[in-house]
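So the structure is just underneath, and the comments pick up after that.
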Amino acid sequence: MNGAELDRFERCGVLTVVPRSATGLALGDDPALLLRHRAEEFLAAPGTVDRLADAYAREGLAVEARTEVGLTVSGAPALLAEVFGHPVRPVRNKYIRETVRYEFAAAGPLRSRLHPELVEEVRAPRAGFELGAGATPPLPRDARYLRLPEDAVRLSGAGRSHAAGVTGDGVRVVMVDTGLYDHPHHRAHGYRTAVVPALSALDPAVDERGHGTAMSALLLAVAPGADLTMVKMACESFSFPLAAFQRAVELAPDVISCSWGTLRAEPHLHLEVANAVRRGITVLFAAGNGSTDRRTAMFQSVATPGAITVGGVHVGQDGRRRAADLASSYRSDVFPGRRVPDLSGPCGMLPNGDYVVFPTQPGCMFDRRNSAYDGTAPDDGWLVSSGTSGATAYAAGVVALAVQQGIGKGRALTTADLADACLPVTEGRTLTGDDCGGTCPNEAVGHGLLTAWPPAEPGLG
């Protein structure tokens with residue numbers, strides 16, 4: 001599988017093109033400029049992106065995704081070299097050892113030969129990392145584990161909403177993740193789903209890593225009536241989070257759920273996120289399972305202002321709520337003054353996050369990997385896990401319920417819109433060292449455990 005993927009992307013490189021803004025402002029490598037300038041100040045003049053897309057297409061490049069903010073293009077190395085000065089080719093990430101992961105690197109400086117006056121910069125895209133996490137589940141029922149959908153409904157208090165006809169119906173949700181396998185679990189519950197690949201080279205029929213299939217089941221447990229589109233950003237060895245986010249924005253959804261971060265910094269992603277929020281899309285990102293947005297770190301969480309960041313809370317069998325010791329909390333290094341998380345969803349605890357029984361693609365990467373410790377087989381299509389990935393998918397489901405009820409009235413929801421729907425969490429410490437300190441809101445979990453609107457104690461739904 002990895003050899004075939006490597007061969008495919010050695011024959012087809014990928015690049016990000018950032019158009020020059022109408023104001024002359026450029027984000028470059030300093031996303032903190034978004035704290036002082038509105039997203040629209042970084043946008044190109046009307047028609048610029050279309051002009052660039054048409055010019056690249058005429059040269060034979062594939063325009064994979066485009067927004068007001070930028071474009072993703074792909075093509076043979078020789079063609080990329082002709083248009084942008086140098087080829088881009090995959091190189092293995094030497095820091096990730098448990099699996100084979102590739103990134104793209106350019107052989108030299110990249111510049112657009114076409115319309116250079118319209119282009120601010122050309123970049124090789126960063127890769128991403130997912131946050132780990134027909135039949136009856138193979139494990140016997142265990143009170144320590146949450147089953148889908150019933151336990152997510154109970155924990156969120158969404159049962160009362162569902163009974164009142166609030167299921168996310170009519171709400172367009174996009175999940176950017178590794179894919180969505182046609183699992184018997186999803187079919188049995190009648191979920192409405194579709195898959196769109198971020199790049200034409202990605203196969204929408206499979207979920208090689210299996211993470212997206214799992215996360216979609218948790219989101220849909222909370223909001224079973226939502227129209228969910230998965231934008232597939234990855235195969236087993238390659239991932240394209242920026243292109244996938246651009247494709248998500250193109251679909252004009254109400255909500256975008258992102259249970260992942262990037263390998264090294266991807267500044268342009270922050271502008272895409274900020275502009276999506278400006279357009280009225282509620283964007284959620286996982287806080288991380290130990291990762292932060294420290295600029296020098298390999299694994300970067302995403303904390304763009306305006307996006308809702310989701311941390312982790314563990315609810316024990318006795319109903320006791322604690323900050324998950326698997327979850328991240330941090331002061332943003334990229335955006336001074338920004339605290340993460342804003343609020344939290346259900347999350348497992350160290351060492352493995354064993355908490356939620358998820359459906360996944362049989363024999364996929366996560367099915368094989370998690371079987372070493374979760375009691376499932378490596379090819380049965382089930383796994384037990386849950387970090388802030390699952391917390392974010394759960395929170396996105398709750399947001400879908402809120403959107404159906406008119407909260408936000410067509411704009412992107414904010415943390416303030418959801419704060420009253422959070423249950424306080426006053427105990428526990430995160431993996432990155434923040435303690436709840438007996439009060440809530442706090443630095444470990446933000447406003448606490450998000451529940452369905454109106455808020456309800458877990459178990460009362």
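The values are calculated or read from the model by the stated rules, or taken from the named source; none is laboratory data. Small disclaimer: the values here were computed from a predicted structure and weren't measured. We place every Cβ from the backbone using ideal geometry, glycine too, and count neighbours over all the protein chains shown. The protein model used for the area step is the full one, side chains on, heavy atoms only, and it has no ligands, DNA or RNA in it. Shrake-Rupley method; radii C 1.70, N 1.55, O 1.52, S 1.80 Å.
Testing Gly3 on (1) more than 25 Å from the chain's Cα centre (by Cα); (2) assigned to a helix (DSSP H, G or I); (3) surrounded by 13 or more Cβ atoms within 10 Å (Cβ to Cβ), one condition comes back false. Which one is that?
So Gly3 meets the others, but not (3).
For the stretch 393-400, check the following and say yes or no: at least one residue is of a type in the set (Val, Ile, Thr) and closer than 30 Å to Pro31 by Cα.
From the stretch 393-400, those of a type in the set (Val, Ile, Thr) are 398-399; that's our starting set.
Okay, now just the ones that are also closer than 30 Å to Pro31 by Cα, so 398-399.
Within the stretch 393-400, one or more residues are of a type in the set (Val, Ile, Thr) and closer than 30 Å to Pro31 by Cα.
Ser301: farther than 28 Å from Ile407 by Cβ, modelled with pLDDT of 95 or more and out of contact with any Cys (no Cβ under 6 Å at 6 or more places or on another chain), yes or no? Lay out the reasoning, then the answer.
Working: farther than 28 Å from Ile407 by Cβ: no; modelled with pLDDT of 95 or more: yes; out of contact with any Cys (no Cβ under 6 Å at 6 or more places or on another chain): yes.
For Ser301, the condition - farther than 28 Å from Ile407 by Cβ, modelled with pLDDT of 95 or more and out of contact with any Cys (no Cβ under 6 Å at 6 or more places or on another chain) - is not met.
If a residue has to be basic (Lys, Arg), within 24 Å of the chain's Cα centre (by Cα) and either under 22 Å from Gly60 (Cα atoms) or outside any loop (DSSP other than H, G, I, E, B) (or both) to count, how many in the stretch 91-131 make the cut? Walk me through how you get there before you give the answer.
So the first thing to find is which residues in the stretch 91-131 are basic (Lys, Arg), and the list is 92, 94, 97, 101, 111, 113, 123, 126.
Retained after the next criterion (residues that are within 24 Å of the chain's Cα centre (by Cα)): 92, 94, 97, 101, 123, 126.
With the extra rule that they be either under 22 Å from Gly60 (Cα atoms) or outside any loop (DSSP other than H, G, I, E, B) (or both), the set shrinks to 92, 123.
Residues meeting the conditions: 2.
Does any residue in the stretch 243-263 that is within 8 Å of Val174 (Cβ to Cβ) come within less than 7 Å, Cβ to Cβ, of a residue that is acidic (Asp, Glu) six or more places away or on a different chain, and which pairs are these?
Cβ pairs passing all conditions: none.
Which condition from (1) under 15 Å from the mean Cα position of the chain (by Cα); (2) under 18 Å from Leu418 (Cβ atoms) is the one that Glu266 breaks?
(2)
From the residues in the stretch 409-434 that are of a type in the set (Gly, Ala, Ser) and not in a loop (DSSP other than H, G, I, E, B), which one is farthest from Asp342 (Cα to Cα)? Give the derivation first.
To start, the set of residues in the stretch 409-434 that are of a type in the set (Gly, Ala, Ser) comprises 410, 412, 416, 419, 421, 428, 433.
Filter again for not in a loop (DSSP other than H, G, I, E, B), leaving 416, 419, 421, 428.
Working: Ala416: 9, Ala419: 9, Ala421: 13, Gly428: 17 Å.
Once the filter is applied, the top-ranked residue is Gly428.
Considering each of Val357, Val384, Val403 in turn, give the residue that is over 18 Å from Ala287 (Cα atoms), open to solvent by 30 Å² or more (accessible area, probe 1.4 Å) and aliphatic (A, V, I, L, M). Write out each step before concluding.
On the way: Val357 fails: open to solvent by 30 Å² or more (accessible area, probe 1.4 Å); Val384 fails: open to solvent by 30 Å² or more (accessible area, probe 1.4 Å).
Residue meeting the stated conditions: Val403.
Just the residues that are more than 25 Å from Arg247 (Cβ to Cβ) and open to solvent by 30 Å² or more (accessible area, probe 1.4 Å), please, taken from the stretch 91-113.
First, pick out the residues of the stretch 91-113 that are more than 25 Å from Arg247 (Cβ to Cβ): 92, 94-95, 97-98, 107-109, 111, 113.
Within the stretch 91-113, Arg92, Lys94, Tyr95, Arg97, Glu98, Ala107, Pro109, Arg111, Arg113 meet the criteria.
Can you pull out every residue in the stretch 426-444 that is surrounded by fewer than 21 Cβ atoms within 10 Å (Cβ to Cβ) and at positive phi?
Of everything in the stretch 426-444, those that are surrounded by fewer than 21 Cβ atoms within 10 Å (Cβ to Cβ) and at positive phi turn out to be Gly433, Gly437, Gly438.
In the stretch 139-181, which residue that is charged (D, E, K, R) and closer than 30 Å to Gln246 by Cβ is least open to solvent (accessible area, probe 1.4 Å)? Walk me through how you get there before you give the answer.
Here is the first cut: in the stretch 139-181, the residues charged (D, E, K, R) are 141-142, 144, 147, 150-151, 154, 160, 169, 172, 177.
Then keep just the ones that are closer than 30 Å to Gln246 by Cβ; that gives 169, 172, 177.
Working: Asp169: 87, Arg172: 110, Asp177: 1 Å².
Per the stated criteria, the residue is Asp177.
Got a number for residues in the stretch 351-405 being part of a loop (DSSP other than H, G, I, E, B), closer than 22 Å to Val315 by Cα and either within 22 Å of the chain's Cα centre (by Cα) or modelled with pLDDT of 95 or more (or both)? Quick ask: steps written out before the conclusion?
Looking only at the stretch 351-405, we keep the residues that are part of a loop (DSSP other than H, G, I, E, B), and these are 351-355, 360-364, 371-381, 386-387, 405.
Now drop any that are not closer than 22 Å to Val315 by Cα, which leaves 351-355, 373-375, 386-387.
The next check asks that each one be either within 22 Å of the chain's Cα centre (by Cα) or modelled with pLDDT of 95 or more (or both); those that pass are 352-355, 386-387.
Total meeting the criteria: 6.
Does Leu449 satisfy the condition of being surrounded by 18 or more Cβ atoms within 10 Å (Cβ to Cβ), in contact with a Lys or Arg (Cβ under 7 Å, 6 or more places away or on another chain) and under 24 Å from Val174 (Cα atoms)?
Details: surrounded by 18 or more Cβ atoms within 10 Å (Cβ to Cβ): yes; in contact with a Lys or Arg (Cβ under 7 Å, 6 or more places away or on another chain): yes; under 24 Å from Val174 (Cα atoms): yes.
The answer is yes for Leu449.
Quick grid of which residues meet (1) acidic (Asp, Glu); (2) out of contact with any Asp or Glu (no Cβ under 6 Å at 6 or more places or on another chain); (3) closer than 29 Å to Gly280 by Cβ:
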| site | (1), (2), (3) |
| --- | --- |
| Ala39 | no, yes, yes |
| Leu43 | no, no, yes |
| Arg58 | no, yes, no |
| Ala65 | no, yes, yes |
| Leu79 | no, yes, no |
| Gly85 | no, yes, no |
| Val88 | no, yes, no |
| Lys94 | no, yes, no |
| Gly108 | no, yes, no |
